[in-house]
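Note sheet for the following structure.
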Amino acid sequence: MTDGDRAGIRRFPLPWTAVRGWLLWVACLGLAACAEDSAPPQAADDAAIEAQRSGAAIYQRYCFSCHAAGVAGAPRTGDAEAWSSRMAKGRDALLRSTIDGMVGMPAMGLCFDCSEQELVDAIGHMSGTALAPMPSP
Ligand code: HEC
């Protein structure tokens with residue numbers, strides 16, 4: 001056995017401890033990630049239906065990017081003048097143009113999983129004028 005080999009054997013336990021520690025750490029991370037994902041899908045669906053997102057939440061996530069600064073002529077949030085002619089169309093017409101999209105606005109205002117009620121709430125939030133709720137199905 002050469003000196004080099006012996007040195008190698010002597011050095012071995014140290015890196016292995018480090019590697020074992022690292023593996024444990026990765027395993028813990030993996031478990032934590034799994035624990036988060038492990039809720040049954042059915043429960044998640046039910047929660048989504050119950051927890052309807054507020055108009056403000058939808059706005060912040062989807063509509064804000066254009067309507068805060070008035071990108072491409074979007075009526076600005078809280079700008080009563082810009083919204084007044086739009087609001088005159090009524091809830092259903094506003095909802096329709098949001099769902100279908102308008103010249104500068106992509107369909108659904110980019111919130112493809114939004115319900116009609118969520119869109120109506122977001123419009124109410126932006127315009128500063130609450131709209132009548134959608135009739136229950
Ligand atoms: C990519 C930019 C963009 C995003 C994102 C966006 N909008 Fe718009 N929106 C516009 C523009 C531009 C207009 C003006 C369109 C026009 O007058 O031709 C507009 C107009 C509107 C109008 C007026 C429609 C009408 O009939 O006059 C409503 C209501 C509206 N948006 C709702 C929303 C809602 C709700 C969201 C978020 C869920 C949203 N928008 C997200 C760009 C956007």
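Coordinate-derived values only; no laboratory data. Model, not experiment: these values are computed from the prediction.
A few comments on the model shown:
- Per-residue 3J(HN,Hα) values for the range 99-106, derived from phi via the Karplus relation 6.51 cos²θ - 1.76 cosθ + 1.60 with θ = phi - 60°, read 5, 6, x, 9, 2, x, 10, x Hz in sequence order (x marks Gly and Pro).
- Using alpha carbons only: equivalent-ellipsoid semi-axes of the range 48-127, gyration tensor based, whole Å: 19, 13, 12
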